[in-house]
Each structure stands twice: as structure tokens, then as C-alpha cells.
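Step one of this worksheet: look at the structure below.
The values are calculated or read from the model by the stated rules, or taken from the named source; none is laboratory data. The structure displayed is predicted, hence computed values, not measured ones. Here the Cβ is made from the backbone with ideal geometry for all residues, glycine too, and neighbour counts use every protein chain on show.
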Amino acid sequence: MPDAQHLLLFIAAGWLLNLTPGPDVLYIVTNSLRSGAKTGIVAGLGITAGCFVHIFAAALGVSALLATSATAFTLLKYVGAAYLLWIGARILLAKAQPVGWAPASTASGERWAKVPTLRSVFTGGFLTNILNPKVAIFFLAFVPQFISPDTDNKALAFVLLGIIFNLNAIPVNSGWALAAAWMARRGALQKGMHWLDRAAACMFIGFGLKLALSDNPTAR
């Protein structure tokens, strides 16, 4: 484990990285805008669960395989890109609905689309993170920088630092969720939710295309 000074630097760097907008942050914000802070926090917890898989996979060498195998990286990259494109298309094609909407039948018997369950939101966050091979390679490149070369058990140190990184991400992700939920309660934002949905959909599609067209960052 690093000394106290390097550990604080590791924590600060992790917070800054988690504040950087990307597919994970967009997923949290989108769910908070649509269904409130609780749903956004659950989305963040799903993403954190995906990060734990990447951490343990990196410690076991699976991430090293993604970093060195063009086939493995490409396969996971396209699956992840397809998932992000699917999320974007689903939002783009969905009927507009007001913030705080709950399923109900109209007088004519018409029923709107169901609000996503917390379980499905958690699963979606998990898949958004775990299907992105660049997250796995990020951990493989970032965490070892804070492990001393004379550390006896580098795999254990890697896992412990990864756990610290992921736990520190929870308040940041929750902050994104709370901020988005607060914004959703503003009257002006309520009127513009249709366009915010479209913007979020385009961003998901953009992230998906960016991932699909990306190269393995370690293949140089």
C-alpha cells in the first residue's frame, strides 16, 4: 500500500476522474432526471458493482488479456458499443413522459410504458460499465502507478486500492444523482424534458460510436 501522502493523492485523483462526464455519469444523470435521486443513486451503485468486477478481473489478469489480445478487446468493445447504442435508441424512440411519472391507465384504457424498476436500473448501470473494455484497461494502467515496486503482494495491493477507488466513487456518483434530481424539479427543466431526452439519447449513441471506433489504447 502507498504511504499516507500517496494514498491521499490516489483518492483525489479518483474523485477527479469520477467527476469527468462519460457514459456512466450520463446513465446516472438520465435516470435521476427521469425518476428521481433514488433511481440515480441505484444506477450509480450498479456502475460501482461493475467496477468491482473490473478490479478483480485486473488482479486475476483478465484485464491484461484485454490489453494484449486484439480479438478479446474488439469483441467486448463491440458488445459494449452495441449496448450503448441500444440505450440511446430506446430513449430516442420512447414516448415523452413527465418527470415523476408513474404507470397508470387512462379513462380509455390506454396504458403508458412502465417506469423502470430499481433492479433493471441497477442491472443497466452494471452492464454499461462492465461491457466497456476501456474501463478494464484504465484500472490496469491507473492503479499500479500507486503500488510501490517493493510491495510483497502486488495483487492484494491492487485489489485494496481498487476497493478504495470504487468506494470513493459512491459519494461522487450520488452527488451527480442528487444534482440531476434537483434540476428535474425546476419548472423550466420540466418543460424541456423532451429535448433533454433527445440530447441524452444522442450522447449515448455518440459514446457507443466512439467506443466502436476506438483502438486498444495499449496496442501501440
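When region 162-182 is filtered for residues that are of a type outside the set (A, V, I, L, M, F, W, C) and within 15 Å of the chain's Cα centre (by Cα), the ones remaining, listed by number, are N166, N168, P171, N173, S174, G175. Annotation note: Cβ proximity below 6 Å between a residue of region 2-17 that is of a type in the set (S, T, Y) and a residue that is surrounded by 11 or more Cβ atoms within 10 Å (Cβ to Cβ) and modelled with pLDDT under 80 (sequence gap 6+ or interchain) occurs for no pair. Of the listed requirements (1) modelled with pLDDT of 70 or more; (2) buried (at least 19 other Cβ atoms within 10 Å of the Cβ); (3) not polar (S, T, N, Q), L66 misses just one: (1). When I170, I130 are checked against the criterion of being of a type in the set (A, V, I, L, M), within 16 Å of H54 (Cβ to Cβ), surrounded by fewer than 20 Cβ atoms within 10 Å (Cβ to Cβ) and modelled with pLDDT of 85 or more, I170 stands alone in meeting it. A single member of I47, I87 is modelled with pLDDT under 80, assigned to a helix (DSSP H, G or I), closer than 22 Å to A37 by Cβ and out of contact with any Cys (no Cβ under 6 Å at 6 or more places or on another chain), and it is I87.
Here A212 does not fit the description of being farther than 22 Å from V121 by Cα, at pLDDT below 70 and in a helix (DSSP H, G or I).
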